[in-house]
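Scroll down for the structure; my scribbles are underneath it.
The values are calculated or read from the model by the stated rules, or taken from the named source; none is laboratory data. These figures come from a predicted structure and were not determined experimentally. Cβ: placed from backbone, ideal geometry, glycine included. Neighbour counts: every protein chain shown. Areas reflect the complete protein model, heavy atoms only, side chains present, ligands, DNA and RNA absent. Shrake-Rupley method; radii C 1.70, N 1.55, O 1.52, S 1.80 Å.
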Amino acid sequence: MTTKRDLTSVERKDIVIYVQNGGRLILFMDEEHRVDMKAFGGNDIVVPFGMEYGIDLPPKPNAGATTVKSEVIQNEYELSYSGSRSITGGTPISRMNSDAAPVHGAYVKLDSNGKIAAFGETMTGLMMGGVEATFPNGMKVVWKGKDDATFMKELMEWMLK
């Protein structure tokens with residue numbers, strides 16, 4: 001088990017002010033059983049920018065996600081995705097591969113040139129795509145998301161413009 005660090009109310013407010021004043025932030029959240037949303041304070045950070053994290057979506061093991069072409073991402077990429085919490089608002093960067101195609105990640109660009117990108121899962125940020133896992137029952141899986149590293153590079157380049 002990894003140590004989780006929840007943000008204080010002062011840290012949350014400082015992050016919002018930083019982005020409002022032209023700072024850049026990429027925020028990856030995860031499902032509730034991994035990150036306690038209220039204790040961490042993810043919504044305290046994204047809500048001021050018109051986005052909001054919601055409930056966990058039904059798990060879709062190794063469903064993958066696909067980018068949405070925009071000013072941020074110029075190409076279509078295959079991203080990792082297996083489970084997520086919902087995210088609304090902002091402009092979609094990526095969508096889960098499914099019939100309903102929930103948003104996987106979204107962004108907001110401010111007049112101050114501040115930028116925030118928010119994701120409802122962490123696999124892409126950890127660049128888990130293409131990683132092989134062996135389960136206790138011996139079953140092997142290679143996670144979708146062969147383009148995670150390329151996507152993250154392009155996202156960070158846009159953030160730094």
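Things to note:
- Residue within the range 3-11 that is open to solvent by less than 60 Å² (accessible area, probe 1.4 Å) and among the polar types (S, T, N, Q) present: no
- Residues of the range 116-143 that turn out to be touching a strand residue (DSSP E or B) at 6+ places or on another chain (Cβ under 6 Å) and either surrounded by fewer than 22 Cβ atoms within 10 Å (Cβ to Cβ) or part of a helix (DSSP H, G or I) (or both), as a count: 8
- Scanning the range 32-76 for residues that are assigned to a helix (DSSP H, G or I) and polar (S, T, N, Q) turns up just one, N43.
Here is a yes/no grid of residues against (1) surrounded by 15 or more Cβ atoms within 10 Å (Cβ to Cβ); (2) in contact with a Pro (Cβ under 9 Å, 6 or more places away or on another chain):
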| site | (1), (2) |
| --- | --- |
| V16 | yes, yes |
| P58 | no, no |
| L79 | yes, no |
| S82 | yes, yes |
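- Residues that are within 23 Å of M159 (Cα to Cα) and without any contact (Cβ under 8 Å) to a residue 60 or more places away in the chain, drawn from the range 87-101: I87, T88, G89, G90, T91, P92, S94, R95, M96
- Output for the range 108-123, where each listed residue is modelled with pLDDT of 95 or more and of a type outside the set (G, A, S): V108, K109, L110, D111, N113, K115, I116, F119
- Number of the condition not met by A100 [criteria: (1) aliphatic (A, V, I, L, M); (2) open to solvent by 30 Å² or more (accessible area, probe 1.4 Å); (3) not in a loop (DSSP other than H, G, I, E, B)]: (3)
- One residue from I45, I93 being buried (at least 23 other Cβ atoms within 10 Å of the Cβ), over 12 Å from the mean Cα position of the chain (by Cα) and at pLDDT 95 or above: I45
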